[in-house]
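The structure appears right after this line, and notes come after that.
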Amino acid sequence: MGNKETTENKESSSAISITPSLTERVAIAYKKFNSQLINRLLLRFMGLMALFYLLWATPLVQKTIIAPIAQAYAYISGAILNLMGYGVNVSRDVITSTDFSISIKNGCDGIEGLAIFLCAIAIYPATLRQKLKGLGYGVLFLVVLNLFRIITLYMTGIHFPNLFDVMHESIWQILFIALTLVALFTWIDSLPKTQVDQDSL
Amino acid sequence: MKISKPIVKHLCVFLGIYFSLLICVNFGGVKEQFADFFRSSTTIFYKSFGDGGAVEIKSYTKEKHFDTVCILTSKHQKNKALAAARAKGLKKTKITPVKFPLNTWNMAGLSFLFFISLIFATPVDWKTKLKSLLIGFVILYAFMMAKMGMSLLLKFSIYYERFSVGFENKYMLEAINYLNNIIGIPFVSLILAALIWLFLCFPKLSTQKPKTTNVAQETIVETVA
């Protein structure tokens, strides 16, 4: 009798352990999720991006950082367009001529692409030297890419005005984020294959 | 730094899929269908907004850049106008709604297209692709609705005196405006789509076993004459 009871108790206790509660299941799922380095890196990346946007939207950052960057893009793009013979005038963040005008507003200044790149480099496990190298190449690439975007958008507005909206919304936005990711993956790819990299990918 | 061949290959596959879908969207009437879906979805969620607010979401053709218009009124506004008309002995009265146009494609549609292209360009099995698409669509849809809700809340709060809906408090209004400025940018939807893709597909990519070739089985021994 005593033996039978013990067996029953064992069976019932094993039955409880087979069906974990919802909190246990959530804890297991979280543990599984957190066990992968890529997930931990992505969570950190999300946190940094959230911080970036919280700062980016403040009037102080908009006035002291974002607006001067947009104006700088407008002046450089305007200078290149003038070299190409388009005869444009630049006033603050607006490139204008008698035929067409564009304004470099939020979303067209390339800041968000730069933020993606900087946040990803900041959280990725690499040495300071590797990070600085990636930063140098990446920032240069993204600045040149954004200048190219502004110039091609202006040219589209002049030569193919019907295509401007498609180029602006559906093509360049996607190309910009895709090429930012390409720059990032290229930097990660250039890092020596250490144990950390193998765990993360 | 050199771009590796696999990165170039996957970028080309992604761009191929994206541009093919973009052509279908622009010339196959998908854009209009998405705008209809957006209007019907948002109408279900926001037809009545907060305490007495009413939102009508209609098709818009006046300006080329926009496809949808939101018309805001409220129960309080109507009651106030009726009371004023009755006091003057009038049988009819007019109310002034607040209207604002939307570009539904830029606001939400583009992020769905970007996400679909990313998923299809990723070398993972079909089960993972379908599961990722399903989860991603739910998150992007929820984000689209949150974005719309935030935009409506901001508009109602700006015109609080007229509608008596939303927030009257100056600091709350500033907070909503601040958040709306962040989530209202189309690029944020694209970043969200990219993050969902990274979360859902990258761990699967890392756990996939490399393909093995049956070189041993396919090798034929030939006798050299």
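No value in this document is a laboratory result; all are computed from the given coordinates. Note that the coordinates shown come from a computational prediction; the quantities given were computed from them, not determined experimentally. Using ideal geometry, Cβ is built from the backbone for each residue, glycine included, and neighbour counts are taken over all protein chains shown.
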For this session: Let me have the relative contact order for the range B:1-86, percent, based on Cα pairs under 8 Å that are six or more residues apart.
Result: 17
For this session: May I ask for the angle, rounded to the nearest 10°, between helix B:30-46 and the longest principal axis of chain B, with both axes built from Cα atoms and the value confined to 0 to 90°?
Result: 50
For this session: Could you please report the charge total around B:ILE182, scoring K, R as +1 and D, E as -1 over all other residues with beta-carbon less than 14 angstrom from its beta-carbon?
Result: -1
Seminar exercise, completed: Partner shielding of A:52-59, taken as the mean number of other chain Cβ atoms within 10 Å, equals 3
Exercise. Using 1/(1 + (r/R0)^6) with R0 = 56 angstrom and r between the beta carbons of B:MET1 and B:ILE95, what's the FRET efficiency to the nearest 0.05?
Worked result: 0.35
For this session: Taking chain A as the reference, fit the longest principal axis to its C-alpha atoms, fit the long axis of helix A:128-159 to the helix C-alpha atoms, and give the angle between the two in degrees, 0 to 90, nearest 10.
Result: 50
Exercise. From the Cα gyration tensor of the range A:32-86, with a ≥ b ≥ c the square roots of its eigenvalues, which class applies: rounded if a/c is under 1.5, or else prolate if a/b is larger than b/c, or else oblate?
Worked result: oblate
Exercise. What angle, in degrees between 0 and 90 and rounded to the nearest 10, separates the Cα long axis of helix B:186-207 from the longest principal axis of the Cα atoms of chain B?
Worked result: 30
Exercise. How large is the charge dipole for the range B:1-99, taken about the Cα centre, if only the Cβ atoms of Lys, Arg (+1) and Asp, Glu (-1) carry charge, to the nearest 20 debye?
Worked result: 520
Exercise. Beyond 18 Å, what percent of the Cα pairs of the range A:137-180 remain?
Worked result: 27
Exercise. What percent does the relative contact order of chain A come to when contacts are Cα pairs within less than 8 Å and at least six residues apart?
Worked result: 20
Exercise. Residue separation times 0.36 nm, minus the C-alpha to C-alpha distance between A:PHE148 and A:PHE160: what's the value?
Worked result: 2.6 nm
Seminar exercise, completed: Taking a straight Cα-to-Cα line shorter than 26 Å from B:LYS127, and setting aside same-chain lysines fewer than 8 residues away, one finds A:LYS31, A:LYS32, B:LYS9, B:LYS204, B:LYS209, B:LYS211
For this session: Based on other C-beta atoms within 10 Å, arrange B:VAL55, B:VAL13 from fewest to most.
Result: B:VAL13, B:VAL55
Exercise. Using the beta-carbon distance between B:LYS78 and B:GLU161 and R0 = 22 Å, what value does 1/(1 + (r/R0)^6) give for FRET efficiency, to the nearest 0.05?
Worked result: 0.90
For this session: Would you mind pulling out the separation of the Cα centroids of the range B:42-97 and the range B:121-172, in Å?
Result: 22
Exercise. Dipole of chain A, Cα-centred, from +1 at each Lys and Arg C-beta and -1 at each Asp and Glu C-beta, to the nearest 20 debye?
Worked result: 520
For this session: For chain B, build the charge dipole from Cβ charges (+1 Lys, Arg; -1 Asp, Glu) around the Cα centre, then report which of B:HIS76, B:PHE137, B:LEU15 sits farthest towards its positive end.
Result: B:HIS76
Problem set entry | Cα gyration tensor shape for the protein assembly as shown, rounded if a/c is under 1.5, else prolate or oblate | oblate
Problem set entry | Kirkwood-type radius of the range B:25-172, with distances r between different C-alpha atoms, in Å | 17.6
Exercise. Dipole of the range A:87-201 (Lys/Arg Cβ +1, Asp/Glu Cβ -1, origin at the Cα centre): which of A:LEU145, A:LEU135, A:CYS119 lies farthest to the positive side?
Worked result: A:LEU135
For this session: Rounding to the nearest 20 debye, state how big the charge dipole of chain B is about its Cα centre with +1 on each Lys and Arg Cβ and -1 on each Asp and Glu Cβ.
Result: 980
Problem set entry | Potential extension, B:SER48-B:PHE19 segment - 0.36 nm per residue separation minus Cα distance | 6.6 nm
Problem set entry | B:THR93, B:THR42, B:THR73 arranged by Cβ crowding within 10 Å, fewest neighbours leading | B:THR93, B:THR73, B:THR42
Exercise. Is the shape of the range B:95-156 best called rounded, prolate or oblate, per the rule: a/c under 1.5 gives rounded, else a/b larger than b/c gives prolate, else oblate, with a ≥ b ≥ c the square roots of the Cα gyration tensor eigenvalues?
Worked result: prolate
Exercise. What is the mean number of Cβ atoms from other protein chains located within 10 Å of the Cβ atom of each residue in peptide A:29-37, rounded to a whole number?
Worked result: 1
For this session: Give the whole-number value, in cubic angstrom per residue, of the convex hull volume spanned by the C-alpha atoms of chain A.
Result: 181
Exercise. Which is farthest toward the positive dipole end of the protein assembly as shown among A:PRO192, A:ALA74, B:LEU179, measuring Cα position about the Cα centre, with Cβ charges +1 (Lys, Arg) and -1 (Asp, Glu)?
Worked result: B:LEU179
Exercise. If each residue's Cβ is checked for other Cβ atoms within 10 Å, how do A:MET84, B:MET107 rank with the fewest at the top?
Worked result: A:MET84, B:MET107
